[in-house]
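Student: The following block contains the structure, expressed as structure tokens.
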Amino acid sequence: MTGHLTQSSCSTCGADVFAEDNFCRNCGAEIVRLDARRKTHQTFARADRRVPLGAFLAFFGGIVGFLSYLMGIVPMLALGLAAFLVGIMILYLHESESIPGSVATDSILSLLLNIENLLGDLDLDEKGIYIPASGLGASPKVFVPLALTPATMSPSLGLSQSHGVFVTVGKNPEDRGILLDAPGAGIMTALERSLRLDLAKARFEDLKVDLDSGFKALGIGRVVSLGRGDATVTVEIELTALVELETKLRNLAPRVSAYIGTPIASAVAASLSKATGRYVMMKNADFDLPNRRISITVQLSE
């Protein structure tokens, strides 16, 4: 305790943090307190109890109301109808919790549709190249080349710090393209924050466990498998969230989905680029909607 402020220490670097801090002032790691974890756990516990309670009241009220109507017992009929209506309201409130998720999906979708239109207007049909980056919270940029040339295959690492959109990476006219923030940058940054780990410092052997822990912590899904070939990496994820966004993007933004990657595929590609320190290009990202699984294969290059 220091002065009148409650103080604790960062679990990552050990630096002092104050009660009003959400992130460590020294290393930037997110501060997760026990009371916040307890509130989150209680919220999910209440949500889990809400569905069976609502279903029970609706079923009980319906049965009591029906039998009371047949027997002409008005007080019991009123009780049954009341229980039925309360159960329906509880179930409706549970379903309404998905409304913020739908709003977020529509907001992200509109932003990525702008990128889709940009790719179409420029008639770009080459795969995006993720440029390696390092630093906690630093996300790789995606360079979409006008054409594949020796210069565009290995764009300068300095582009990770660039804020331009139209860039030239060589001396020839075709050594050009557009530089974009990765669609999955937010997910990858949140994943690093939850892990308190800069993926540029992670060992590839531990990457499956790290990504699995991160995606579970964010409530997005779980990593089913991660395998590495000679110059490729394949990751399979079972989704628990963002299924609607994944489905819509494949229909409405096919260029973004195929050339750069949907937010989830992009987050995986960005993570692999950081962890391996190599350029990453999306090869394919197949989505199995019935099983809610996405299989992502990327190509690594120097």
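Since every read-out is calculated from the coordinates, none of them should be taken as a lab result. Everything numeric here is computed off the predicted structure, so don't read it as measured data. Please note: Cβ atoms are built from the backbone with ideal geometry, for glycine as well, and neighbour counts cover all protein chains shown.
Student: In the stretch 132-196, which trypsin sites (Lys or Arg not before Pro) are in a loop and have at most 12 other Cβ atoms within 10 Å, using DSSP for the loop call? Intermediate results must be reported in sequence, preceding the final value.
Tutor: Working: sites: LYS141, LYS171, ARG176, ARG193, ARG196; in loops: LYS171, ARG196.
For trypsin sites (Lys or Arg not before Pro) across the stretch 132-196 that sit outside H, G, I, E and B with at most 12 neighbouring Cβ atoms in 10 Å, the list reads LYS171.
Student: What lysines sit close enough to LYS141 to cross-link, taking a C-alpha to C-alpha distance under 25 Å and skipping anything fewer than 8 places away on the same chain?
Tutor: LYS127, LYS171, LYS201, LYS208, LYS216, LYS248, LYS274, LYS283
Student: Could you work out the relative contact order of the stretch 130-231? I mean the mean sequence separation of Cα pairs under 8 Å and 6+ apart, divided by the number of residues, in percent.
Tutor: Taking the mean separation of contacting Cα pairs over the length of the stretch 130-231, I get 27 percent.
Student: So, one more: Please give, to one decimal in nm, the separation of the simple spin-label points placed at LEU109 and SER134, each 7 Å out from Cα toward the Cβ.
Tutor: About 4.1 nm, to one decimal.
Student: Which order results if LEU148, LEU191 are arranged by neighbouring Cβ count within 10 Å, fewest first? Spell out each step's value before the answer.
Tutor: Values: LEU148 14, LEU191 24.
The most exposed by this proxy come first: LEU148, LEU191.
Student: I need the trypsin sites (Lys or Arg not before Pro) found in the stretch 203-295, filtered to DSSP loop residues with at most 12 other beta carbons within 10 Å of theirs. Before the final figure, lay out the partial values.
Tutor: Values: sites: ARG203, LYS208, LYS216, ARG222, ARG228, LYS248, ARG250, ARG255, LYS274, ARG278, LYS283, ARG292, ARG293; in loops: ARG203, ARG278, ARG292.
The qualifying sites are ARG203.
Student: Are there GluC sites (Glu not before Pro) in the stretch 172-222 that DSSP marks as loop and that have at most 14 other Cβ atoms within 10 Å, and which are they?
Tutor: Working: sites: GLU174, GLU192, GLU205; in loops: GLU174.
For GluC sites (Glu not before Pro) across the stretch 172-222 that sit outside H, G, I, E and B with at most 14 neighbouring Cβ atoms in 10 Å, the list reads GLU174.
Student: Please give, to one decimal in nm, the separation of the simple spin-label points placed at LEU252 and LEU157, each 7 Å out from Cα toward the Cβ.
Tutor: Here the modelled spin labels are 3.8 nm apart.
Student: Could you list GLU238, GLU302 in order of exposure, starting from the residue whose Cβ has the fewest other Cβ atoms within 10 Å?
Tutor: With the sparsest Cβ surroundings first, the list reads GLU302, GLU238.
Student: GLU126 to ARG203: extension gain in nm, 0.36 nm per residue of separation minus the Cα-Cα distance?
Tutor: Working: separation 77, 0.36 × 77 = 27.72 nm, distance 3.01 nm.
Roughly 24.7 nm would be gained on extension.
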